[in-house]
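Below you'll find the structure I mean.
Values in this text are rule-based calculations from the coordinates and carry no lab data. Quick caveat, the model's predicted, so the values are computed rather than measured. Here the Cβ positions follow ideal geometry from the backbone for every residue, glycine too, while neighbour counts run over all protein chains shown.
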Amino acid sequence: MLKFKDKTVLITGGGSGIGEAMAYQYAKKGANVILTGRRIQTLERVKSKCEELGVKAWCKTVDVEHSESIDELVEWIHSEGHLIDFLLLNAGISQRALTLETDISVDRRLMEVNYFGGIYLVKALKDMFIERGVHIAVVSSVSGVFGFPVRSAYCASKHAIHGFYETIALEYPQIKTTIIIPGRIHTEVSKNALDGNGKATGVMDPGQANGYDVNKCAKVAIRAIARGKHQKVIGGFDTIMVPFYKYVPWLFRLIARNVSAR
């Protein structure tokens, strides 16, 4: 995949989970990596592993929930003379609470982190993105395709992702987008998910614990990006819900009401 060789990818949420696994895949293909996230220790660890793969790597602490933090990232990118070729928007947070038992502050926080942070960054770098034809990959979820119990705010934020990045690709032919649609992937996302009051549940869902291997997910995702796929569903048996929702909606609703939301 020569298209990544000596290019630079900016990754949000690059210190763990899918973002970390994707960082290694980009590095293996020869791309230099800029890692962002909230915890410098995890970013430094991933940075070192990327450098061991023979590429340049940098890390910068960023909290995508706050526009001021994104502004600092953009200023740093310009001051360092970095030119972005690929963007991976992975930073995100999930939810585990019934819709009407979720405080509105939780809904707002998920939209800020999962949706507004990403589009703020894209718009802040718009001149570079238009000029260079940056390829944007954004991590959505099967919950961005349909609704699912105890994830209403998460579903809403991921649905918004689809609308925005499908539209930008239509408006700007030079900007490519790939929407990555994972099912249950074995990461810490459920442990960090917020309850109705905005606190991390600290609980690993059984479905998440038995989820699709994160490194396999990253390998499939990097191939989809290299091939210019607009969307790519990735995961195990649980992803069968996607075609059910599209082609047999009554069966989807039957399953969704009865399947374990955990």
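Hey, what angle do you get for helix 67-80 against the long axis of the chain, alpha-carbon based, 0 to 90 degrees rounded to 10?
Between the helix axis and the principal axis of the chain, the angle is about 30 degrees.
Now for a different question. Which of the following values of mean projected area of the Cα convex hull in nm² was calculated from the structure shown: (i) 17.8; (ii) 13.2; (iii) 14.5?
Recomputing mean projected area of the Cα convex hull in nm² here gives the entry labelled (ii).
Right, something else. Assuming R0 = 30 Å, can you tell me the calculated FRET efficiency for the pair residue 213 and residue 127, based on Cβ-Cβ distance, to the nearest 0.05?
Details: r = 38 Å, r/R0 = 1.28.
Calculated transfer efficiency: 0.20.
If R0 is 22 Å, what FRET efficiency do you get for residue 101 and residue 38 from their C-beta distance, rounded to 0.05?
Working: r = 27 Å, r/R0 = 1.22.
With a Förster radius of 22 Å, E is 0.25.
Relative to the first principal axis of the alpha-carbon coordinates of the chain, what is the inclination of helix 214-226, with its axis defined by its Cα atoms, in degrees from 0 to 90 and to the nearest 10?
60
For the chain, what does the helix formula give at 222 nm: sum of -39500 (n - 2.57) over DSSP H segments with n ≥ 4, over the residue count, nearest 500 deg cm²/dmol?
Numbers: 11 runs with 116 residues, N = 262.
Computed mean residue ellipticity for the chain: -13000 deg cm²/dmol.
Please give the contour-minus-distance gain from residue 5 to residue 61: 0.36 nm per residue of separation, less the Cα-Cα distance, rounded to one decimal in nm. Can you show the working numbers first?
Numbers: separation 56, 0.36 × 56 = 20.16 nm, distance 2.53 nm.
Computed gain between residue 5 and residue 61 is 17.6 nm.
Loop-only check: which trypsin sites (Lys or Arg not before Pro) in segment 172-238 are DSSP coil with at most 12 other Cβ within 10 angstrom? Provide the component values of the computation, followed by the final result.
Numbers: sites: 176, 184, 191, 199, 216, 219, 223, 227, 229, 232; in loops: 184, 191, 199, 227, 229.
Sparse-neighbourhood loop trypsin sites (Lys or Arg not before Pro): 199, 227.
How many nm is it between the label spots at residue 74 and residue 188, if each spot is 7 Å from the Cα in line with the beta carbon?
3.0
Here's something else I'd like to know. Could you sort out which of 47/191; 49/126; 28/246 sit more than 27 Å apart by Cα distance in this structure? Before the final figure, lay out each step's value.
Working: 47/191 24 Å; 49/126 30 Å; 28/246 36 Å.
Cα-Cα > 27 Å for 49/126; 28/246; rest within.
Continuing with the same structure: Angle, helix 152-171 long axis vs. longest principal axis of the chain, Cα atoms, 0 to 90°, nearest 10?
In the chain, helix 152-171 runs at an angle near 50 degrees to the longest axis.
Mind ordering 156-167, 24-35, 112-123 by average Cβ neighbours within 10 Å, highest first?
Top to bottom by mean Cβ count within 10 Å: 24-35, 112-123, 156-167.
In the chain, what percentage of the DSSP-assigned beta bridges are antiparallel, given to the nearest 5?
Details: 1 of 30 bridges.
About 5 percent, rounded to the nearest 5.
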